[in-house]
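J.: Before I ask anything, here is the structure I am working with.
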Amino acid sequence: MRLLILLILALMIMGCVSEKPSLPSSTSINTTILKVNDTYTLYIIFTLPNPCHKVSYKGMKAYGNEIDVYFEYQPPKPNEICIQKLEVYKWDVSLGKLVEGEYKIKIYVNDKIIKEFKFYVKE
């Protein structure tokens, strides 16, 4: 009997934990890295289906030659009425001065990697 009660409680708790939402499949993500005055900047553009979809920048972590960039996505609220036009979100993330070598950038949305790529810095 105790085992049955514990199993029911575990199932109830699992049902209360919601998974973070994923970006819509129609989302476009474009990236560019530019060097200006010895400083590198990552430009990121998200194109979402409409303005009711929201993306916000949460921060960056750099360790060695790996750079992680974090965003949070919020889908439209249930029954929210929204104009049907593409919504573009743009960010520029300063990577600072980088030494010669190969770098790897990972872009996360809601703790999931959605894009990763390498780039090279030459002196």
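J.: Could you list all residues from the stretch 25-61 that are of a type outside the set (S, T, N, Q) and out of contact with any strand residue (DSSP E or B) (no Cβ under 7 Å at 6 or more places or on another chain)?
T.: 35, 36, 38, 49, 52
J.: Additional query: Picking from 113, 83, which residue would you name as being surrounded by 10 or more Cβ atoms within 10 Å (Cβ to Cβ), at negative phi and out of contact with any Gly (no Cβ under 9 Å at 6 or more places or on another chain)?
T.: Matching residue, one of 113, 83: 113.
Per-residue answers, yes or no, for (1) part of a loop (DSSP other than H, G, I, E, B); (2) among the small types (Gly, Ala, Ser); (3) at pLDDT 95 or above:
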residue	(1), (2), (3)
12	no, no, no
42	no, no, yes
51	yes, no, no
61	no, no, yes
68	no, no, yes
72	no, no, yes
77	yes, no, no
85	yes, no, no
103	no, no, yes
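J.: Something else: Look through the stretch 90-101, keep the residues that are in contact (Cβ under 8 Å) with a residue 40 or more places away in the chain, part of a strand (DSSP E or B) and more than 12 Å from the chain's Cα centre (by Cα), and return whichever of them is surrounded by the most Cβ atoms within 10 Å (Cβ to Cβ).
T.: Within the stretch 90-101, the match that is surrounded by the most Cβ atoms within 10 Å (Cβ to Cβ) is 95.
J.: Then there's this: Report every pair of residues separated by at least 6 positions or lying on different chains whose Cβ atoms are under 8 Å apart, first residue within the stretch 110-123 and over 21 Å from residue 58 (Cα atoms), second aromatic (Phe, Trp, Tyr) and surrounded by 10 or more Cβ atoms within 10 Å (Cβ to Cβ).
T.: Close Cβ pairs satisfying both conditions: 118/103; 119/103; 120/103; 121/40; 121/103.
J.: Turning to a different aspect of this structure: Take residue 22 and tell me if it is at pLDDT below 90, over 30 Å from residue 123 (Cβ atoms), surrounded by 10 or more Cβ atoms within 10 Å (Cβ to Cβ) and not aromatic (Phe, Trp, Tyr).
T.: Criteria met by residue 22.
J.: Filter the stretch 26-54 for residues that are free of Cβ contacts under 8 Å to residues at least 60 places away in the same chain and under 15 Å from residue 118 (Cα atoms); which is surrounded by the most Cβ atoms within 10 Å (Cβ to Cβ)?
T.: Here the answer is 41.
The values are calculated or read from the model by the stated rules, or taken from the named source; none is laboratory data. Nothing here was measured: the structure is a model prediction, and the numbers come from that model. Glycine also receives a Cβ, built like all others from the backbone with ideal geometry; neighbour counts cover every protein chain displayed.
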